[in-house]
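> Provided herewith is a single structure, encoded as structure tokens, for subsequent inquiry.
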Amino acid sequence: MDSLYVSSHPDDFRSLQALIAAEFSPSRPQTLAEEPPARVARCRPALVLRDAEATALCGAGAVSWYLASVGGRTGSDAQQQSEVWQWLSFAENELTPVACAVVFPLLGVMGVDKKVLSSRAELLRVLKVLDQILEPRTFLVGESLSLADVAVAMAALLPFKYVNRKTLVNVSRWFDTCVNQPQLLKVLGKITLCEKMVPVTPKSNSAVNTTTAAAAANGTAPSISAEVFKSHRFQICTLRGGKSIGTPSNHRIYMLLSVPLPQVYKIKPLALESAFTHISKSIGCGKELTEHLCGAVIGRHHCNKSAGDIFTHLDIKGDRIYHQLKKLGSSLDWDRACFTMDPKLSYAVQEAFIRMHEEGVIYRSKRLVNWSCTLNSAISDIEVDKKELIGRTLLPVPGYKEKVEFGVLVSFSYKIEGSDEEIVVATTRIETMLGDTAVAVHPEDSRYQHLKGKTVIHPFCDRKLPIVFDDFVDMNFGTGAVKITPAHDHNDYEVGERHKLPFINILDENGFLINVPPPFLGMKRFDARKAVLQALKDRGQFKEVKDNPMVVPVCSRSKDIVEPLLKPQWYVDCADMGKQAADAVRNGELKIIPDHHLKTWFNWMDNIRDWCISRQLWWGHRIPAYFITVNDPSVKPGEDVDGHYWVSGRSEEEAREKAAKRFNVTADKISLRQGKTHTHTHTHTHSVTHTHTDKLIFLQRMNPIPGYVQSERERERELSQKLHCLVFLCGSESVSDRWILSRLCAAVTLCGNGFQAYDFPAITTAIYNFWLYELCDVYLESVKPVFSSTDAESQKQVEVCRQTLYTCLEVGLRLLSPIMPFVSEELFQRLPRRQTQNSPASISVTPYPESSEFCWHSEEIDREMEFVMTVVRTIRSLRADYNLTKTRADCYLQCIDSATVSLVEKYSLQIQTLSYSQAVHPVSGGDSAIPEGCAVAIASDKCSVHLMLKGLIDLEKEVAKLTTKQGELEKQMEKLEEKMKKSDYREKVPAKVQELDAEKLRQSQTELQKVKEAIENFRRMM
């Protein structure tokens, strides 16, 4: 046996690197915590090989490379091996020197170069480089742990244990993933990060070899401390389950939402979580493992070899799934994380099966199942994708080099026994004719009445097929005659049951033909398709092939073509459960939201079929059922499909006792055989970087229609920019203050109603409108003059504005938190606190705003401000018409009554500020009160806007420009009208072009009218 010499010091990271590498080696060397022999260089780690020369390797790099390469952890090809070497160099030359310089003084090691003692900034720089590289990755090289990860993690071990470092999200996430791999757990044990410095003493040799193996053995991973994930939402969400950042506020309603068990076998692109209730978000979808472990499908016969590989793969991939959930902002109870095969879940599955089997809800039956030849397993209906074809199509099929033809209907004839007649049938699966046991026609089809009692002869064997009459046949499709293959078609199965036909299975579990005559015996199913077709042609019984629209069943996991196969399987009786589920919705006990899914719900529940729960897989929960053989001549032997000969039990002893009682014999006469099938659940996860999570969640909530994200990206970006600008501005109540608080109350109410109704677009629209159009565009702009005031009297109003703005920001961020968790958390952390004591550490533990908390809503102020904004928009429109981009102009508002005048006076500062006017003058009476030189526009039935232009623009120049514009418009309109008046215009020009021409003409007419009015207005001023 090879000998590995290491240091006994628990912080000798070079020795730890070699020990971890040894865990990957198939033949692990013996570990000695002592100096190596004198003939070997006196350095540790050192590895003395048990070969003829007793070769010795010295140094962490050489030793760990040798051990890890034997275990396949140094890269799968030359490129990956080069990358691993590069990271070994980075660990040795870049990270280790600065890590030692920072940590060694803390450990009491003296004599370190004084120039390096101030190298914390350098350490942070090196770690930031690593952090950027790790952002899109789980591991440094490839998709699994390699020696690169081990070397760099060990170089970073001391800083992570002893330095109160600044948090680097990606490095922390990667480091935590690495140290929780089973090989590292066995060597390092449970690491406490950023622990308080304590005196360190060397551990014994035994400790080096077996540190905290129990933690790895029982499957528990160290909890993530607050020091690891400390920066804002991504880190804080991780800790909520551990309740390390405070206790949430008391809620009147408690909700428990369970995240679907994530699938460790495949990592897929993306799925967004629901934002409901601010504290629970869940994701799920994806595909199953089919070929990851061995490069192809691993059959159930390789169970002993590969079961361990699944758990190894779980250790590698499991943490990645949790990181994905954390990056999505999922607020979950991480203490309850579990794996499908955990003992408590296995127990629940076993107990549920036994109880349901005893109640008769679970039963055994031999019937057609959806069979995947690639998986060698039955699959459920929901695992079958329906691929629609419009005609002849070549599809790839696993296990076939060439694509296979589908979407065609092949017609051939059967000879009537004892006559020269023949009957023509058609099929999309010509190879299944080898399993035909009848030909069916409709009872009322006059063409075949004379064939009652007749049989046809199978062309490839001596089988005689009866002609049966059944209502399921469509007389108008094809020839009105249908071949019946009861063992390989769901409709034919029912016909076979009704007419008691033979069931001939012609396919084995791998898709090879059985129970057929030569030369087809042993052929692959789709090779036989070609052979049968050619044989029919040779016999002269082939008629034609034509395109045929059809639906092809495809396995969602293996992409294989699903075959109906007759198998004894375990089923759940779903009839009563389906009826209860449908009735619950019909009588109002259960509500489907949105209600346009009701049709789908009733279609599934009213037409539900019994659920096949058997899976011929080597992973999953093994069904706790046993087939009974009674060693007593008085009891006849049973068959697999006979449910009376199956018993379920929590153990073999319990099952034996049940069987003995059932057959009234002693337990010693009972032999049990446990079934080989497993129950199987498939739930999954998707990956997403948290950088863009807020955008995706926000946009999906804006409109739940798939594909909507791209069209709304600019709106989200604009909102995000406004949010960042606002937080950094935070300083008796004015009308602006009262109005924005009223709008805040309205937003809270709309969001609350939206969550109650599951109307997520309404929620995001309310938040978007409040932040962008009300808070940013109106309130913030209207109070800028207040903040710019410097006199003592104005400072009181400044303080009121600050408090109002703070309230809007704090409540607005809480409204936004479920939709944009990362942005809202980041800004919440930057928001000053009114009270530093007892303030929440995270926005994720603040209560969601409720309308009952806010009493500022005022319909009167909302109506007044709506009038004000109408006036402001009218002034802005006039300014745009006359190109007054930077010039302020006086504005005269002609009011119809004194109440309107009072309203304008009340909001004059807001109107002046928001419309960028020089001064606002409310005027009552006729036009005589308005000075000459004004442009006019009607704001409402109570107010007209007169914008003073005289003296601000060159009237003659403007008239000349507008006159030129008028001429151009008239020429365009004349040319367009001439085109549209042509006699063949309606017939030759496409309707869409005609619509565009008509719209252009209308726009030109409107623009020409405005130009004429402007010219007339300018001439009156001159």
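> Return one quarter of the surface area of the convex hull spanned by the alpha-carbon atoms of the range 780-907, equal to its mean projected area, in nm².
If I average the Cα hull's projected area over directions, I get 12.1 nm².
> On to the next question. Taking the square root of 5 times each eigenvalue of the Cα gyration tensor, what semi-axes in Å does the equivalent ellipsoid of the range 545-644 have, largest first?
Value: 35, 25, 14 Å, ordered largest first.
> Rounding to the nearest 20 debye, state how big the charge dipole of the range 558-641 is about its Cα centre with +1 on each Lys and Arg Cβ and -1 on each Asp and Glu Cβ.
The dipole of the range 558-641 has a size of about 240 debye.
> How much of the calculated P(r) for the range 332-419 lies past 18 Å, in percent of all Cα pairs?
It works out to 75 percent of all Cα pairs.
> Keeping all protein chains in place, calculate the accessible area per residue for the range 917-1022 (probe 1.4 angstrom), answer in Å².
67 Å²
> Based on Cα coordinates alone, diagonalise the gyration tensor for the range 412-518, multiply each eigenvalue by 5, take square roots, and list the semi-axes in whole Å, largest first.
22, 16, 12
> OK, next. Where the centroid of each part is defined by its Cα atoms, how far is the range 868-900 from the range 124-156 in Å?
If you average the Cα positions of each part, the centres end up 61 Å apart.
> In Å², what does the accessible area per residue of the range 1-106 work out to with a 1.4 Å probe?
Accessible area per residue: 45 Å².
> What number comes out for accessible area per residue over the range 418-520 if the probe is 1.4 Å? Units Å², please. Display every interim value, and only then the final one.
Working: 4720 Å² over 103 residues.
Here the residues of the range 418-520 average 46 Å² of exposed surface.
> For the range 427-582, what relative contact order do you get, as a whole percent, if you take Cα pairs closer than 8 Å and at least 6 residues apart?
That works out to 21 percent.
> Starting from the Cα of K190, step 7 Å along the direction of its Cβ; do the same at E422; then give the gap between the two resulting points in nm.
Spacing of the two 7 Å Cα→Cβ label points: 7.9 nm.
> Quick one: Karplus J couplings for the range 140-155, per residue in order, coefficients 6.51, -1.76, 1.60, θ = phi - 60°, nearest Hz, x for Gly and Pro?
3J(HN,Hα) across the range 140-155, in whole Hz: 6, 10, x, 10, 9, 4, 10, 4, 4, 5, 4, 5, 5, 5, 5, 5.
> Here is a further query. Which FRET efficiency value, to the nearest 0.05, is calculated for E932 and R986 with the Förster distance at 60 angstrom and r the Cβ-Cβ distance?
E(calc), rounded to 0.05, equals 0.75.
> Say the cut-off is 25 Å between C-alpha atoms; which of K190/K344; K128/K327; K454/K546; K950/K975; K559/K579 go over it?
K454/K546; K950/K975; K559/K579
> Based on the Cβ-Cβ distance from K950 to Q1009, what FRET efficiency comes out when R0 is 22 Å, to the nearest 0.05?
For R0 = 22 Å, the calculated efficiency reads 0.45.
> For a 26 Å ceiling on Cα separation, which of these pairs sit above it: K387/K567; K386/K530; K886/K971?
In this structure, K886/K971 lie more than 26 Å apart at Cα.
> Moving to a separate point now. Return the carbon/sulfur percentage of the accessible area of the range 349-454, one whole number, probe 1.4 Å, all protein chains in place.
After summing per-atom areas, the C and S share lands at 48 percent.
> Same structure, new question: Step by step: find N for the range 628-670, compute 2.2 N^0.38 Å, then divide the Cα radius of gyration by it. What's the final number? If you can, show how the numbers build up before the last one.
Numbers: Rg = 9.7 Å, N = 43, 2.2 N^0.38 = 9.2 Å.
Here the Cα radius of gyration is 1.06 times the empirical estimate.
> Modelling each spin label as a point 7 Å along the Cα-to-Cβ direction, I'd like the H597/E405 distance in nm, to one decimal.
In this crude spin-label approximation the distance works out to 4.3 nm.
> Taking every eigenvalue of the Cα gyration tensor of the range 30-92, multiplying by 5 and rooting it, what semi-axes result, largest first, whole Å? Write down the numbers at each step before the final one.
Details: eigenvalues 123, 38, 17 Å².
In descending order the semi-axes read 25, 14, 9 Å.
> Now, a different point. Let's test the formula: R0 of 22 Å, r as the Cβ-Cβ distance of E970 and N883. What FRET efficiency results, to the nearest 0.05?
0.50
> Loop-only check: which trypsin sites (Lys or Arg not before Pro) in the range 363-409 are DSSP coil with at most 16 other Cβ within 10 angstrom?
Listed in order of number, the matching sites are R392, K401, K403.
> Counting every Cα pair in the range 801-846, what percent are over 13 Å apart? Write down the numbers at each step before the final one.
Working: 540 of 1035 pairs.
Pairs farther apart than 13 Å: 52 percent.
> I've got another one for you. Could you give me the percent of Cα pairs per 5 Å distance bin for the range 592-656, shortest bin first, beginning at zero and ending with the bin that holds the maximum distance?
Percent of Cα pairs in each bin: 3, 13, 13, 14, 13, 9, 11, 8, 7, 4, 2, 1, 0.
> Right, here's the next one. Please report, as a whole percent, how much of the solvent-accessible surface of the range 797-921 comes from carbon and sulfur atoms (probe radius 1.4 Å).
About 46 percent, which is the carbon plus sulfur part of the accessible surface.
> Considering only protein heavy atoms and a 1.4 Å probe, what is the carbon-and-sulfur percentage of the accessible area of the range 477-594? Intermediate results must be reported in sequence, preceding the final value.
On the way: 3090 of 5710 Å².
With neighbouring chains kept in place, the figure for the range 477-594 is 54 percent.
> For the pair Q918 and K1000, how long in nm is the line joining their label points, each one 7 Å along Cα→Cβ?
A separation of 4.2 nm, rounded to one decimal place.
> Follow-up. Kirkwood hydrodynamic radius of the range 840-986 from all distinct Cα pairs, in Å?
Kirkwood hydrodynamic radius for the range 840-986: 19.0 Å.
The values are calculated or read from the model by the stated rules, or taken from the named source; none is laboratory data. As the structure is a prediction and not an experimental result, all values here were calculated from the model. Quick reminder, even Gly has a Cβ in these numbers, built from the backbone with ideal geometry, and neighbours come from all protein chains shown. Calculation scope for accessible area: heavy atoms of the full protein, side chains included, ligands and nucleic acids excluded. Shrake-Rupley method; radii C 1.70, N 1.55, O 1.52, S 1.80 Å.
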